[in-house]
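The values are calculated or read from the model by the stated rules, or taken from the named source; none is laboratory data. None of the values given here were measured: they were computed from a predicted structure. Every residue, glycine among them, receives a Cβ derived from its backbone with ideal geometry; neighbour counts consider all protein chains shown.
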Amino acid sequence: MDHESLRAAAVAAASNSYSPYSRFRVGAALLCADGTIVTGTNVENRSYGLTICAERSAIATAISAGYREFTAIAVHSPDAPVPLPPCGACRQVISEFMDHDAIVHFSDADGHWEHATVRQIIPFDSLHHLRQP
């Protein structure tokens, strides 16, 4: 699977954002091991603690559909002034479901993309080894 298609899916997913409070749209696209792309977007709530980020939305959707193996994720915000990596909560969830060497792509409003591995965005993932197959 070419990661250009994954990034394009994240860009498209951002248009579905429900972000009336922050006005900060985010889309995510998750690449499953079989090549399927599952997307998600941020869904806000007046009680910010109930808001779900795009990355967690995509992962929850994929898990709900029966997918368990993921090789990359792309995150795009048309409102970000710089390439914006996943937040801490999303990094934790990403590390639960993706291998350390999986690729995380992230971009800004101008379409400048950066990438890192899961290991690079959460380097001291002390509990990762506890996950049972």
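The table below lists the values:
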quantity	calculated
Test for Ile73: is it touching a strand residue (DSSP E or B) at 6+ places or on another chain (Cβ under 8 Å), without any contact (Cβ under 8 Å) to a residue 24 or more places away in the chain and of a type in the set (A, V, I, L, M, F, W, C)	no
Residue check for Ala60: at pLDDT 95 or above, aliphatic (A, V, I, L, M) and touching a His at 6+ places or on another chain (Cβ under 9 Å)	no
